Structure formats: C-alpha cells, structure tokens
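Here is the structure we will look at, set down as structure tokens.
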Amino acid sequence: MGKERKEKILELLKERERTPKELASLFNVSLMTIYRDIKELEKEGLVERKHGVIRLKEEDENQRECVICSKDIDGRFNVILFLKEGKRVQACCPHCGLMAFRKFSDKVESILMKDFITCNPVNGFGCWYVVGSDIAPCCSPSAFAFVDKLMAERFSKGFGGKVLGFEEALEELHRLMSLGRRVYLSL
C-alpha cells in the first residue's frame, strides 16, 4: 500500500503543493505515516519540504551538490546519472557515482563518468575502475574511472587499488564501505 500511496502523493503534488496534514486526511492515515512516505520520497530526490508544504522537487540543471555526500560538484570528477523519468542527478566523483547507482539502480538509464586521464565523458557501464587506491582526491575509499583497461592497470601499479569492471567495482566499493572504513571528504 505504501508504494501506491507514494505514487498517488506524487500525482497530487503535480497539481499543487500540499501540507502533510492535508495528505494524511486525503489518504485517511496518520501524520506519522505521511511523514514516512515524504521522507522516502525526499531520499529519492522527488519531493522537498518548504515552509510547511510538500512539493515536487524542481529539477536543477545546475545541481551544485553531490547527491550522496553533498560535497560541491567539481567538473573534473563529476558523474551524471540519467534517470528513466527524464531527470538526472550528479555525484562528485566515481565513488559517489557508484553509490548513487546502488541507490537509484532501478531508475538509472545511463551513467556518464569522466575518464581520469583525459577527463572526456565516457559510458560508466563500460569503464574500468580502480577502487581503493592509496590516493583519494575526493571521497574515500577512492574510485577512479578509466576508458582504457591498460591505463587503469598502470595507475593501479603506481598507486594501488583493484582494477575492476562496473559490477565488480560496485561490489568492491560496497564491501570496503561495509568494513567500517571511514569516509574522508576533502574540503
């Protein structure tokens, strides 16, 4: 029922802003239930709370913060995830880009990474990743995207880390994060 209610909430918000109390009344549920639904929709980046009302989140073509860590987006490492509903979200680096893919996986149509060597945009699904190297210019554990496997291997020889394809990089990053390694953000 929660999924259906969240879909209906989104439909109602297309008409106009609503208060949580109004939504609770429309669905004949408690305010606590509506707040849980709103919190989930906020996590998905679909709605926002402003001044006591809930509204659809406006798509910001110039998103300035990472969808995962809220760090400022730096054009050298940024990752763009294109979602099925025509929206896009950005991450500050391949580390957060891979984490964002885990978060939005069922909604992601494509991922645009930047090759670490050339800074050219590349298909994130076809990249080679070096995960867990000794250097971390952005988030930690580090992840770097390479279009060329040989370049990824050379980087790994010099700075450590594992050279992995997309799926393996997702799993390795998840494994490293679940070990309780602290995430360092360079500010």
Kindly list, by first and then second residue, each pair from a residue in segment 29-41 that is of a type in the set (Gly, Ala, Ser) to a residue that is assigned to a helix (DSSP H, G or I), limited to pairs with Cβ atoms under 9 Å and residues at least 6 apart or on different chains. Ser30/Ala24
Residue list for segment 137-167, restricted to those being under 22 Å from the mean Cα position of the chain (by Cα) and among the polar types (S, T, N, Q): Ser140, Ser142
Considering each of Ile9, Ile38, Ile68 in turn, give the residue that is in contact with a strand residue (DSSP E or B) (Cβ under 8 Å, 6 or more places away or on another chain) and either polar (S, T, N, Q) or within 29 Å of Pro121 (Cβ to Cβ) (or both). Ile68
Test: Phe77 is assigned to a loop (DSSP other than H, G, I, E, B) and either within 15 Å of Asn123 (Cα to Cα) or out of contact with any Gly (no Cβ under 9 Å at 6 or more places or on another chain) (or both): yes
Which of the residues spanning segment 1-32 are within 24 Å of the chain's Cα centre (by Cα) and of a type in the set (A, V, I, L, M, F, W, C)? Ile9, Leu10, Leu13
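Condition check ((1) more than 25 Å from Lys57 (Cα to Cα); (2) among the charged types (D, E, K, R)) across all residues:
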site	(1), (2)
Phe82	no, no
Phe101	no, no
Thr118	yes, no
Asp134	yes, yes
Pro141	yes, no
Ala152	yes, no
Ser156	yes, no
Glu167	yes, yes
His174	yes, no
Tally, over segment 15-40, of residues that are assigned to a helix (DSSP H, G or I), within 14 Å of Val53 (Cβ to Cβ) and among the basic types (Lys, Arg): 1
Selected residue (only one of Cys66, Cys119 is in contact (Cβ under 8 Å) with a residue 40 or more places away in the chain and either in contact with a Ser or Thr (Cβ under 6 Å, 6 or more places away or on another chain) or of a type in the set (A, V, I, L, M, F, W, C) (or both)): Cys119
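We did not get these values from a lab; they are worked out from the coordinates using the rules stated. Every value quoted in this text rests on a predicted model; they were computed, and no experiment measured them. We place every Cβ from the backbone using ideal geometry, glycine too, and count neighbours over all the protein chains shown.
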